[in-house]
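S.K.: This is the structure I want to talk about, given as structure tokens.
The values are calculated or read from the model by the stated rules, or taken from the named source; none is laboratory data. Keep in mind it's a predicted model, so treat the numbers as computed, not measured. In this analysis, Cβ positions are derived from the backbone assuming ideal geometry, glycine residues included, and neighbour counts consider all displayed protein chains. Protein only, heavy atoms only, side chains kept; ligands, DNA and RNA dropped before computing areas. Shrake-Rupley method; radii C 1.70, N 1.55, O 1.52, S 1.80 Å.
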Amino acid sequence: MDKCIACGECAAKCPKKVTDTFNAGLATRKAIYVEYPQAVPLKYAIDAGSCIYLKNGKCGFCAKVCPTKAINFEDKPVAVTLQVGSVVLAPGFSTFDPQKLDTYQYSQYKNVITSLEMERLLSATGPFNGHLVRPSDHREPKKIAWLQCIGSRDINRCDHGYCSSVCCMYAVKEAVIAKEHSAEPLDTAIFYMDMRTYGKEFESYYKRAEEEKGVRFLRTRVHTIIEDRNTQDLVLRFVDDNGKLIDERFDMVVLSVGMETSKELAALARRLEIELNADNFAATDCFSPVKTSRDGIYVCGAFQEPKDIPYSVMEASAAACWAEADLAPARGTLTRTKTFPAERPVADEEARIGVFVCNCGTNIGGIVNVPEVAEMAKGLPGVTYVEENLFTCSQDSQEKIKDIVEKKGLNRVVVAACTPRTHEALFQETLRDAGLNKYLFEMANIRNQCSWVHSKEKDAATSKAKDLVRMAVARTRLITSLGQPTIAVEPSALVIGGGIAGMTSALGLADQGYQVYLIEKEGQLGGNARSLLTTWKGDKVGERLAEMIARVTGHQRIAVHTGTSVKASSGFIGNFETVVSGVSGDKVLRHGAVVVATGAEEYKPTEYLYGRDPRVLTHLQLDQAVAAGDPRLASADTVVFVQCVGSREEERPYCSKVCCTHSIKAAIRFKENRPDSQVFIIYRDIRTYGQREYLYKEAREKGVIFIRYGLDEKPEVSDKGDTLAVVVRDHVLGRKIELHANLLVLAAAIVPRDNEALAQMFKLSCNSDKFFNEAHAKLRPVEFATAGIFLAGMAHYPKPIEESIAQAAAAASRAAVTLSQESITVEGVVSHVQQFMCRACGECERACPFNAIAVQEVEDGLRAAVVKEALCKGCGMCAVACPTGAASVRHFGDRSVLTMVETAFAAGN
Amino acid sequence: MKSDNSRKVQGSVMVVGSGIAGMQTALDLADSGFYVYLVEKAPSIGGVMAQLDKTFPTNDCAM
């Protein structure tokens, strides 16, 4: 594998075509292949089940053409025994195979595809390069239908009673993207049962899709698909809201297939002796959502329950957090840090540049005339050594470069090869091995930018390669060594908020050995959880909360400050200094990281007689009443729940996520205590995602009656003396009905706290709903854009306990990455400000996305911009914004960049 | 596998699966001082996310 340079000669010669599973079976690939162009590692692999040589002992073309002799047919699988302290299972999911459902004729009708096939059809690297065509005739479709809940929420035909959680959103996304891909207007229709767009920013995406993009949403199930044999169009038969049977013709149908655990994975779980639940997902409890039934084995992602990317990422970090806590004493015992020789000072030397020109096998050399490029380089000013390599990136080449740097006294190196994105770090390490500063290096990309894109014009490719090398050398003459200062890290964290999330983060860090300051503005720990009865799985919140509080207050490395809030904070990652103010006055804390876990609160409704009639309760009030043994609950003959009170409305467009499950759990409790009582849930969409769906089913089985309403016709509540009258239009009967309730429970929204002061202090941003913004919705769900500050719990978005805990443990894990370092090395490519040119206008501060530059008083009466190098990513936004040229980015100063431009124009060919 | 005091705690972790979750676990562990064995049955890492075209709500390229 080390020898493979991914030139692709082998696959070009391989005679065996097989189905391309990466493209969901929509295309073919060779028996020797890489899955996709960006694959890591970018190494060709042989599909042993299809390879002609491995099956019959004949062929072997690939080995004959391989320029590096990387192919070894004798390679055999070997069993390796590893001694590890912990295991994390992240094996993912399989998509449901719709062949099992004859209604949809997936294997018979070519234009019925799965949602994963649709992803590949839409992808620029897919079988049609992102050109949206239907499989049967490669014609552009004009009408596409998505059918939801294929292999989910279905126990009649596929034994998957759970909701797969992600399909509603991906279907909306595919419909929107498909419309964007289509040159002609494209009609898209999504056939669904409940739209479950419960995540952060999901509901607004759904609304935009419907209102702005014109995606149609039809609440019905398609019961038959008939293919027109001549056109291969598909006729969908369904019953609409008014009970009318409708036939509608589409060009294509996408089946929104759910997630499941494969048989092989279930077998692996049995071998590992971990418990699975009835749906073959790893069994966990809400207070330890990533712990399997076996100590030391953790689980994350869709193998725990179907879930989307951000929650998979959160659980992944949470699993790391708890594994790190288990193994904390052994931290650093098996890892090694590489050491380098002392750097040679080169500032006083004339430039002595070495140029290494790579052939990349035939990848560059087959197109670009490499000897000619090398010959040209020899004549460039400052160049003292030039060499051609078959592969400049190979291990022996690194040794050679190091040798030559030392022998020839080179003080700068240019490699003309592939892209710095993949190879710069490797060559920089070689320079450091040779005693040179890593910034004395430059790459010219003569593969991607020359031989690849101009493969049919060899002369032009060669000429461009020469230009690029000339430009690189000209710039290299001007580059200098850059310092990379290190800053010591304070191995402690400040956790703001003492609810479930804050306490979980505090424990996660303290169990790993770090000092934690946990501050809570209320007089006691616990937050919203103090009012909650049970999790959806039935864990008793009160008991578990008490255990957690006891562990936090008894922990030798957690200092709890209740009745305390943050007053001021300064500093940056690794070195914060925060003033907290509590009953005993102000206190200054020094810490290396911050976790913001300030939570959210229940909305105070303004409608449905709330606050005016004592029989109208919110969720938290209901839970408190149950806990207090309120006699009104047992005597209530009729209980009515109203969903989405304050959520999914114009003022608060997001879904509060937890309310459907909470209402249903409470409704079941009423039915269990008094089966003869009448319980109604008036809802808009039931969003019991994942295995919470079973609660919905149980509630219906127990006789809870669900009535749907729309925003245009909200239920009306009036006081009738003994009872509350609730008038609502029943969606089945099509007429208004009046319910007489003894208790009315409002599923009140979850609203953010006033985060303004904290946001100002730590320079954090909030979304339009006033919840804190994470750094990246998918890949960095627990950190802020400002380094060293992390986010957990409902301050991020409404969520149930198990998700708050996963996110909080994840925040602890991410913070531990910083706290486990003795010091932070600052990158050399950072911004710097020439003070005498700065007029303190603050443009740079406004432009900086990382809060790394700010105008401050530098000496008495003199204000200027100052760069916090530890936070700077070297993006150059400040340099662009600066009107005087005072701010610039090291290594990319005007002079070294403009020299390249001048050289390009002066090339003279 | 109850913790056995007579045996030394290993500073290494095996992560099974290298999709978005497995990679994140591996990065967190390795970045904070633990040796990681990342086990994957496919020839390259990345899992299902690599197959996706774009991701909502930002419509970012999944790759």
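S.K.: At a 1.4 Å probe, which residues in the stretch A:15-52 are at least 40 Å² less accessible with all protein chains present than in their chain isolated?
M.R.: Residues shielded by partner chains are A:Phe22, A:Glu35, A:Tyr36, A:Val40.
S.K.: Taking every Cα atom in the stretch A:214-369, find the radius of gyration and the maximum pairwise distance Dmax, and write them in Å.
M.R.: Reported Rg and Dmax, both Å: 29.1, 87.
S.K.: Report, to the nearest 10°, how far helix A:500-510 tilts away from the longest principal axis of the Cα atoms in chain A, using its own Cα long axis and a range of 0 to 90°.
M.R.: 40
S.K.: Once you keep just the Cα pairs under 8 angstrom separated by 6 or more residues, what percentage relative contact order results for chain A?
M.R.: Contact order relative to length: 11 percent.
S.K.: Something else about it: Measure nothing fancy, just the Cα-based angle from helix A:894-905's long axis to the longest principal axis of chain A, in degrees from 0 to 90, nearest 10.
M.R.: 60
S.K.: I would also like to ask the following. For each pair in A:Lys665/A:Lys714; A:Lys537/A:Lys665; A:Lys173/A:Lys213; A:Lys64/B:Lys41; A:Lys76/A:Lys263; A:Lys200/A:Lys799, compute the distance between the two Cα atoms and list the pairs where it is over 21 Å.
M.R.: A:Lys665/A:Lys714; A:Lys64/B:Lys41; A:Lys76/A:Lys263
S.K.: Okay, moving on. Please determine, in degrees from 0 to 90 and to the nearest 10, the orientation of helix A:801-819 with respect to the longest principal axis defined by the Cα atoms of chain A, where the helix direction is its Cα long axis.
M.R.: For helix A:801-819, the angle is close to 20 degrees.
S.K.: While we're looking at this one, here's another question. Looking at the square roots a ≥ b ≥ c of the eigenvalues of the Cα gyration tensor of the stretch A:1-111, which shape do they give, rounded for a/c under 1.5, prolate if a/b is larger than b/c, or oblate?
M.R.: Oblate, because a/c is 1.5 or more while a/b does not exceed b/c.
S.K.: Could you please report the charge total around A:Phe281, scoring K, R as +1 and D, E as -1 over all other residues with beta-carbon less than 12 angstrom from its beta-carbon?
M.R.: So the environment of A:Phe281 carries a net charge of -3.
S.K.: Run the reach check for A:Lys521 against lysines, Cα to Cα strictly under 20 Å, same-chain hits fewer than 8 apart removed. What comes back?
M.R.: Within reach: A:Lys567, A:Lys587, A:Lys770.
S.K.: Classify the stretch A:95-260 as rounded, prolate or oblate, taking a ≥ b ≥ c as the square roots of the eigenvalues of its Cα gyration tensor: rounded when a/c is under 1.5, otherwise prolate if a/b is larger than b/c and oblate if not.
M.R.: Judged from the Cα gyration tensor, the stretch A:95-260 comes out rounded (a/c under 1.5).
S.K.: So what is the relative contact order of the stretch A:602-750, in percent, for Cα pairs below 8 Å that sit 6 or more residues apart?
M.R.: 35
S.K.: Right, next: Counting DSSP beta bridges in the protein assembly as shown, what percent are antiparallel, to the nearest 5?
M.R.: Roughly 45 percent of the DSSP beta bridges within the protein assembly as shown come out antiparallel.
S.K.: In Å, the Kirkwood hydrodynamic radius of the stretch A:353-478 over pairs of distinct alpha carbons?
M.R.: So the Kirkwood estimate lands at 14.0 Å.
S.K.: As a test of the formula, what do you get for chain A when each DSSP H run with n ≥ 4 contributes -39,500 (n - 2.57) and the sum is divided by the residue count, at 222 nm and rounded to the nearest 500 deg cm²/dmol?
M.R.: -8000 deg cm²/dmol
S.K.: Further question on the same structure: How big is the B/A interface in buried accessible area, both sides summed, 1.4 Å probe, to the nearest 100 Å²?
M.R.: 4900
S.K.: Next question, about the same structure. Based on the Cβ-Cβ distance of A:Arg590 and A:Asp613, what FRET efficiency does E = 1/(1 + (r/R0)^6) give at R0 = 41 Å, to the nearest 0.05?
M.R.: The calculated FRET efficiency here is 0.20.
S.K.: Starting from one equal scatterer on each C-alpha and no solvent at all, send me the Debye-based log10 I(q)/I(0) for chain B at q = 0.21 Å⁻¹, two decimals.
M.R.: Log10 of I(q)/I(0), two decimals: -0.89.
S.K.: Next up: Using amide H atoms built in the peptide plane, which far-off residues or other-chain residues are under 5 Å from A:Val866 H to H?
M.R.: A:Ala854, A:Val855, A:Gln856
S.K.: Given a 1.4 Å probe and heavy atoms of the protein chains only, how would you sort A:Asp712, A:Asp637, largest accessible area at the top?
M.R.: A:Asp712, A:Asp637
S.K.: Positive end of the dipole of the stretch A:761-864, charges at C-beta (+1 Lys, Arg; -1 Asp, Glu), about the Cα centre: which of A:Gly842, A:Gln821, A:Phe784 has its Cα farthest in that direction?
M.R.: Final value for the positive-end residue is A:Phe784.
S.K.: Moving to a separate point now. With a/c under 1.5 counting as rounded, go ahead and sort the stretch A:136-214 into rounded, prolate or oblate using the C-alpha gyration tensor (a ≥ b ≥ c being the square roots of the eigenvalues; past the cut-off, prolate if a/b is larger than b/c, else oblate).
M.R.: oblate
S.K.: Using alpha-carbon positions, what is the distance between the centroids of the stretch A:205-279 and the stretch B:21-50, in Å?
M.R.: The two parts, judged by their Cα centres, are 32 Å apart.
S.K.: Once the whole set of protein chains is in place, how much accessible area is left on A:Glu698, using a 1.4 Å probe, in Å² to the nearest 10?
M.R.: Its accessible surface works out to 50 Å², give or take rounding.
S.K.: Setting aside same-chain residues fewer than 8 positions from A:Lys868, which lysines have a Cα under 20 Å from its Cα?
M.R.: A:Lys763
S.K.: If we restrict to alpha carbons, what Rg and Dmax does the stretch A:730-780 come to, in Å?
M.R.: Here Rg and the maximum Cα pair distance are 20.2, 55 Å.
S.K.: Using a simple charge model, +1 on the beta-carbon of Lys and Arg, -1 on the beta-carbon of Asp and Glu, nothing else, what dipole does the protein assembly as shown show about its Cα centre, in debye to the nearest 20?
M.R.: So the dipole magnitude of the protein assembly as shown works out to roughly 1480 debye.
S.K.: So what is the orientation-averaged projected area of the stretch A:684-783, using the convex hull of its C-alpha atoms, in nm²?
M.R.: 10.4
S.K.: Among A:Val626, A:Pro98, A:Val855, whose Cα sits farthest toward the positive end of the charge dipole of chain A (+1 at Cβ of Lys/Arg, -1 at Cβ of Asp/Glu, about the Cα centre)?
M.R.: Checking the options against the dipole of chain A, the answer is A:Pro98.
S.K.: Also, quick follow-up: For A:His776, which sequence-distant residues (separation of 5 or more, or a different chain) have an amide H within less than 5 Å of its own amide H, given hydrogens modelled in the peptide plane?
M.R.: For A:His776, whose amide H was placed from the backbone, the distant partners under 5 Å are A:Glu783.
S.K.: Taking a quarter of the surface of the Cα convex hull of the stretch A:235-283, what do you get in nm²?
M.R.: Orientation-averaged projected area of the Cα hull: 5.9 nm².
S.K.: Here's another thing I want to ask about it. For the stretch A:353-478, please report how many Lys pairs fall under 13 Å Cα to Cα, leaving out neighbours fewer than 8 apart on the same chain.
M.R.: Final tally of qualifying lysine pairs is 4.
S.K.: Tell me which of A:Ser584, A:Ile446, A:Val639 sits at the most positive position along the dipole axis of chain A, charges placed on C-beta atoms (Lys, Arg +1; Asp, Glu -1).
M.R.: Working it through, the farthest residue towards the positive pole turns out to be A:Ile446.
S.K.: Run down the aspartates and glutamates and flag those whose C-alpha is under 12 Å from the C-alpha of A:Lys736, throwing out any fewer than 8 positions away in its chain.
M.R.: A:Glu713, A:Glu716
S.K.: For the stretch A:602-750, which semi-axes, largest first and in whole Å, follow from the square roots of 5 times the eigenvalues of its Cα gyration tensor?
M.R.: Result for the stretch A:602-750: semi-axes of 20, 18, 17 Å.
S.K.: First measure r as the distance between the Cβ atoms of A:Lys263 and A:His131, then evaluate 1/(1 + (r/R0)^6) with R0 = 30 Å and state the FRET efficiency to the nearest 0.05.
M.R.: Efficiency computed from Cβ-Cβ geometry: 0.25.
S.K.: Averaged over A:293-303, how many beta carbons belonging to a partner chain fall within 10 Å of each residue's beta carbon?
M.R.: Mean partner shielding for this stretch: 4.
S.K.: Right, next: Taking 4 °C and 1.567 mPa s as the conditions, I'd like the Stokes-Einstein D for the stretch A:589-672 in µm²/s, using the Kirkwood hydrodynamic radius from alpha carbon pairs.
M.R.: Using the Kirkwood radius from Cα pairs, D works out to 85 µm²/s.
S.K.: Once you average over the residues of A:331-342, how many Cβ atoms of partner chains fall within 10 Å of each Cβ?
M.R.: Whole-number average of other-chain Cβ neighbours for A:331-342 is 3.
S.K.: Step through the residues of the stretch A:16-28 one at a time and calculate ³J(HN,Hα) from phi using the Karplus curve (6.51 cos²θ - 1.76 cosθ + 1.60, θ = phi - 60°), rounding each to whole Hz and writing x for Gly and Pro.
M.R.: So the J values, rounded to whole Hz, are 9, 9, 9, 5, 8, 5, 4, 8, 6, x, 7, 9, 10.
S.K.: Further question: Could you tell me what % of all Cα pairs in the stretch A:263-328 have separations over 21 Å?
M.R.: Here the tail beyond 21 Å accounts for 20 percent of pairs.
S.K.: Something else about it: Along the stretch A:821-838, what does the Karplus equation 6.51 cos²θ - 1.76 cosθ + 1.60 (θ = phi - 60°) give for ³J(HN,Hα), rounded to whole Hz, x for Gly and Pro?
M.R.: Once θ is set to phi - 60°, the couplings for the stretch A:821-838 become 8, 6, 8, 9, 8, 8, 4, x, 7, 10, 6, 9, 10, 8, 4, 5, 9, 7 Hz.
S.K.: Give me the percent of Cα-Cα pairs in chain A that sit more than 40 Å apart, rounded to a whole number.
M.R.: Summing the P(r) of chain A above 40 Å gives 52 percent of all pairs.
S.K.: Roughly how big is the stretch A:263-328's charge dipole about its Cα centre, with Cβ charges of +1 (Lys, Arg) and -1 (Asp, Glu), in debye to the nearest 20?
M.R.: 180
S.K.: Right, another one. Given Cα pairs under 8 Å that are at least 6 residues apart, what percent is the relative contact order of the stretch A:1-78?
M.R.: 33
S.K.: Report, by chain and number, residues whose modeled amide H sits under 5 Å from the one on A:Val18, excluding near sequence neighbours (fewer than 5 apart, same chain).
M.R.: Amide H neighbours of A:Val18, under 5 Å, 5+ apart: A:Arg29, A:Lys30, A:Ala31.
S.K.: How much of A:His423 can a 1.4 Å solvent probe reach, expressed as accessible area in Å² and rounded to 10?
M.R.: Estimated to the nearest 10 Å², A:His423 gives 40 Å².
S.K.: Given +1 on the Cβ of Lys and Arg, -1 on the Cβ of Asp and Glu, and no further charges, what dipole in debye does the stretch A:211-298 carry about its Cα centre, rounded to the nearest 20?
M.R.: For the stretch A:211-298, the charge dipole is close to 180 debye.
S.K.: What whole-number volume per residue, in cubic angstrom, does the convex hull of the C-alpha atoms of the stretch A:827-903 give?
M.R.: 85
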